[in-house]
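**Student:** Got a structure for you, written out below as structure tokens; questions coming shortly.
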Amino acid sequence: ALARELGAILARLHTMAPVPDLPDLDPLDALTEYYANFEARPAVELALRWLDGNRPPASGRRTVVHGDFRNGNLMIDETGVRGVLDWELTHLGDPAEDLGWLCTKAWRFNSPHPVGGFGPREELLAGYADAGGTPPTPEELHWWEVYGTLRWLILCRHQAERYLTGSDPSIEYAVLGRKVCEQEHDLLLALGLTAPTTVQDPLETAQNTSTPPHDRPDASTLIDAVGAFLLQAEQPDDRLRFHARVAAAALVIARRELLLGDAHKAAHEKRLRNLDCESDTDLAKAIREGTLDSRMDEVTRAVRDSVVDKLTVANPRHLSLPGA
């Protein structure tokens, strides 16, 4: 029922008269330009090539687009949706953008249901049509879901930059930098270049190490102790409790990287050498320019394996989540 209601709300929203001076840019061109502010990523280059080569035919629909219509920006009570928040990204564009953004995997929160984690696409589109909207085709909606996944990846990277440059030392922004690989994996899923898989958390089999002359507990155990303290300590407000959980998650990521970092680095360098590349930047450039198109199966496998390694450290559970 909620998915259908959201479809109807979007149909009404897309009939709004635009205010003057709303942004009106080509969405893929704008996203590509913003991505250029950060390091090149092979998975992103695969997605950009697919998006550019599979643009939907011009629909002729041009409306107000909310730009961030998702679970976190809705006020909902037992009667249904009571309000839509955060209009600062509103612009002119294809209304299918809002529908695709709502179906982006990041907002499913581990649920198999594509519309915000609570409903099927068919109900969303039925509600949209019943309220007077013209639903996109499945191919158009899929394009916008891939676009939305790429957009969220770049937004996560943007937020991490605030920490990396020192402009905001929030632990939340630091950990967001390690969530970028979740979106890389989701892009590969959406493009049919990988599939959900189960990877054991390396911490489940990790052994404590002895490092004489240092006393026990060892470094790994101390990290675990700090993480447990952060989760168990009383915090005076919700914001501090949230940051404590994020900080504990950061320690878990650090523990996994200490266990696997050297092996992953060696494997990654070998994959690059096999493709005659010295760095991810080289591989990304080769994908962008098509110079490795004759070896695309090898390229895809190398990108996929590197993303799996990154997620094995950052969040191994994410690898097993459904993608469709």
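**Student:** Hey, could you check the stretch 290-312 for residues that are surrounded by fewer than 17 Cβ atoms within 10 Å (Cβ to Cβ) and acidic (Asp, Glu) and say which is nearest to the chain's Cα centre (by Cα)?
**Tutor:** Ranking the candidates gives 305 first.
**Student:** Of everything in the stretch 218-254, what is aliphatic (A, V, I, L, M) and touching a residue at least 60 places away in the same chain (Cβ under 8 Å)? Give them in sequence order.
**Tutor:** 246, 247, 249, 250, 253
**Student:** In addition: Counting just the residues of the stretch 58-78 that are surrounded by 15 or more Cβ atoms within 10 Å (Cβ to Cβ) and β-branched (Val, Ile, Thr), which one comes out nearest to residue 28 (Cα to Cα)?
**Tutor:** Residue satisfying both the conditions and the ranking: 65.
**Student:** Looking only at the stretch 294-324, which residues are assigned to a helix (DSSP H, G or I) and hydrophobic (A, V, I, L, M, F, W, C)?
**Tutor:** 296, 299, 302, 303, 307, 308, 311, 313, 314, 319
**Student:** Could you please find all residues in the stretch 112-158 being over 21 Å from residue 12 (Cβ atoms), among the hydroxyl-bearing types (Ser, Thr, Tyr) and surrounded by 15 or more Cβ atoms within 10 Å (Cβ to Cβ)?
**Tutor:** 147, 149
**Student:** Can you tell me which condition residue 247 does not meet? The list is (1) in contact with a Pro (Cβ under 9 Å, 6 or more places away or on another chain); (2) within 30 Å of residue 225 (Cβ to Cβ); (3) of a type in the set (Gly, Ala, Ser), and all the others hold.
**Tutor:** Looking at each condition in turn, residue 247 falls short on (1).
**Student:** Any residue in the stretch 190-217 that is free of Cβ contacts under 8 Å to residues at least 40 places away in the same chain sitting within a Cβ distance under 7 Å of a residue that is among the acidic types (Asp, Glu) and surrounded by 10 or more Cβ atoms within 10 Å (Cβ to Cβ)? List the pairs, counting only those 6 or more apart or interchain.
**Tutor:** Partner pairs satisfying both residue conditions: 208/218; 209/218; 210/218; 211/218.
**Student:** Taking the stretch 1-57, which residues are buried (at least 18 other Cβ atoms within 10 Å of the Cβ), touching a strand residue (DSSP E or B) at 6+ places or on another chain (Cβ under 8 Å) and assigned to a loop (DSSP other than H, G, I, E, B)?
**Tutor:** Scanning the stretch 1-57 gives a single hit, 14.
**Student:** Restricting to the stretch 47-63, what's the tally of residues that are farther than 16 Å from residue 97 by Cα and touching a Leu at 6+ places or on another chain (Cβ under 7 Å)?
**Tutor:** The qualifying residues number 2.
**Student:** Just give me the residues in the stretch 128-137 being part of a helix (DSSP H, G or I) and in contact with a Lys or Arg (Cβ under 8 Å, 6 or more places away or on another chain), in sequence order.
**Tutor:** 130 - this is the single residue of the stretch 128-137 that is part of a helix (DSSP H, G or I) and in contact with a Lys or Arg (Cβ under 8 Å, 6 or more places away or on another chain).
**Student:** Select from the stretch 72-111 the residues that are assigned to a loop (DSSP other than H, G, I, E, B), under 15 Å from residue 8 (Cα atoms) and among the charged types (D, E, K, R) and list them in ascending order.
**Tutor:** none
**Student:** Restricted to the stretch 193-240, and to residues that are surrounded by 10 or more Cβ atoms within 10 Å (Cβ to Cβ) and among the small types (Gly, Ala, Ser), which residue is nearest to residue 305 (Cα to Cα)?
**Tutor:** So the residue we want is 195.
**Student:** Among the residues of the stretch 112-127 satisfying the criterion of being out of contact with any Phe, Trp or Tyr (no Cβ under 6 Å at 6 or more places or on another chain) and not in a helix (DSSP H, G or I), which is nearest to residue 70 (Cα to Cα)?
**Tutor:** 115
**Student:** Tell me which residues, restricted to the stretch 260-285, are farther than 20 Å from residue 179 by Cβ and in contact (Cβ under 8 Å) with a residue 40 or more places away in the chain.
**Tutor:** Matches in the stretch 260-285: 267, 281, 283, 285.
**Student:** Then there is this: Filter the stretch 72-97 for residues that are of a type in the set (Gly, Ala, Ser) and more than 24 Å from the chain's Cα centre (by Cα); which is farthest from residue 115 (Cα to Cα)?
**Tutor:** 83
**Student:** Here's something else I'd like to know. Working only within the stretch 292-324, note down all residues that are touching a helix residue (DSSP H, G or I) at 6+ places or on another chain (Cβ under 8 Å) and among the hydroxyl-bearing types (Ser, Thr, Tyr).
**Tutor:** Of everything in the stretch 292-324, those that are touching a helix residue (DSSP H, G or I) at 6+ places or on another chain (Cβ under 8 Å) and among the hydroxyl-bearing types (Ser, Thr, Tyr) turn out to be 300, 306, 312.
**Student:** What number of residues within the stretch 149-200 satisfy the criterion of being assigned to a loop (DSSP other than H, G, I, E, B) and within 12 Å of the chain's Cα centre (by Cα)?
**Tutor:** Residues meeting the conditions: 3.
Only the coordinates and a few stated rules stand behind these numbers; no lab work does. This structure is a prediction, so every number in the text was calculated from the model and none was measured. Backbone-built Cβ (ideal geometry, glycine too); neighbour counts: all protein chains shown.
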